[in-house]
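Everything on this sheet refers to the single structure shown next.
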Amino acid sequence: MQVSYQYKLRPRQSQSKVMDSWLDMQRSLFNWFLADRIDGYYQTFIMGEYCDIRTKTERYPLTCSLSKNSNLHNPWKNPDRNGVIKKRSASLMQDTYLSEMKQARPWYKAIHSNVLQMLVKRLDTAMEGFFKHGRGFPSFKNRSNFRSFQYKPGDVKLDGNKIYLPSIGWMRFYNSRPIPQGFQIRTVTLRKKADGWYTSILIRDDSVPDYPTPKEVNTVVGLDMGLTKLVHCSDGSDFDNPRPSTSKKGKRTLKIRQRRLSRKKKGSANRNKEAQKVARLYKKHADKRTANQWLVASKIVRKADAISVEDLNIKGMKSKCKPKPDDVKQGRFLKNGQSAKRGLNRSISDASWGTLIEKIQYAAAKLGKSFFKVDSKNTSRTCSKCGVVDALSRFGEKFVCISCGYETHADKQAAINIKTRAVQQNGLVIKRMIKVRRDSAEPKQLVLFETPNPESTGIKRKHRARNSKRGVPGNPPTQLSLWDIGDLA
């Protein structure tokens, strides 16, 4: 099993300056290496695979590049035992160039070698994601989107609430939860946020197996994501949407902070202070959203043995409306509803369905529960009673089937259909739950649903009698309480 723990660091002022300078130098080096990779790819694209198309041979790189990926170092490796000479990959060429780069730019010697090697690996992973997995092409970084660097796990040490970072030294951190025994550190990432520095420690224990997907379960719950309510469950329950960024108070506070920022002179110290306030406000909203999502995820995974959600195309839902050109006036466009859809897009971003689904999947795997994704097509237009699919059955948040007349909430109807699809598509077999009498000697109850007791939690709760002689808080103890007045009446 592999998990990640995040802690807030408590660096000294000198250590903060060192990490800030490391970020600036690594950002410049990342952009330089990215430009080198782009140049190598451009030469390959323009010149082709060979310098001489007729003979298909590679010659001295006067007209094309030998490496096809990078131009910073010798593309050939030293011959092996059998005398075979192989080419270096682009990442290996850039990694080999680090020693020469430190001689030309001595200030890079202050950065630990593992950090620079992880930077090369970071760029190589981004390039591989574009060419092999169809992800976006890596872009040049600035101060706003390059705010982290990584260590290899070999030299990082942990001792209580202290962490040792090579070339930086010992540093205190808020040890909010200890690392479980048997787990080994894989990577250590340092990230700068609006309110300080954080570290994310990726740990792994191969002896803890990943839970398999069972085919027989006791209960299944379907989840439908919404905006009025964050999540609608197939059992009829729902969870409120806190709306940290799109609420009336949140939008007003953000509007005031941004207006103050826009009035400051660019490049001034006061503008930087206001920018920090805006950044802290954004982080406050993000922390509220994250805390609520973890709470919702932990409650959902305890509802059933299997959780099913719809596979949403959130990026497509937030895409812009197609423009409508005006046939009468050339060069003019008609209203396409984009101004109204802008508020919907902001609400979808504030709900953050994608991260919520990831948290539910993580919590389900941690507790050994099954997790399924089903097709979201016509989930809120299908009647769960007769199975008729019609768009006219839905009126906003109300669902009335035009065939059988079944009436219910549209989102809860969608949650039931999601549950049904998960059972049918994955071939799940739902066991019959055996009802156990409360007065039986040994009730058969799942461990996750056991009632906490003082022996298991270590917390002793105080029980007060209903008819207490104590008065209302703030009044003299001789005065009759509300409960006494009710008994006298």
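The values are calculated or read from the model by the stated rules, or taken from the named source; none is laboratory data. Not measured: the values here are computed from a predicted model. Glycine gets a Cβ as well: all are built from the backbone with ideal geometry, and neighbour counts include every protein chain shown. Side chains are part of the model used for accessible areas, which takes the heavy atoms of the whole protein and leaves out ligands, DNA and RNA. Shrake-Rupley method; radii C 1.70, N 1.55, O 1.52, S 1.80 Å.
Data for the structure
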{"read-out": "Residue-normalised accessible area of segment 228-321, expressed per residue, 1.4 Å probe, Å²", "value": "62"}
{"read-out": "Sites matching GluC sites (Glu not before Pro) across segment 346-410 that sit in DSSP coil, with at most 15 neighbouring C-beta atoms within 10 Å", "value": "397"}
{"read-out": "Solvent-accessible area, 1.4 Å probe, carbon plus sulfur percent, for segment 244-376", "value": "51"}
{"read-out": "Solvent exposure of segment 107-153 as accessible area per residue, Å², 1.4 Å probe", "value": "58"}
{"read-out": "Trypsin sites (Lys or Arg not before Pro) within segment 358-397: DSSP coil, no more than 12 neighbouring Cβ in 10 Å", "value": "377"}
{"read-out": "Residues in segment 8-40 that a label on residue 104 would reach, taking backbone N under 19 Å of a point 7 Å out along Cα→Cβ", "value": "25-40"}
{"read-out": "Largest to smallest accessible area among 113, 200 [probe 1.4 Å]", "value": "113, 200"}
{"read-out": "Percent accessible area from carbon and sulfur atoms, segment 114-206, protein chains only, probe 1.4 Å", "value": "46"}
{"read-out": "Angstrom value of the Kirkwood radius, inverse mean 1/r, which spans all Cα pairs in segment 313-414", "value": "17.1"}
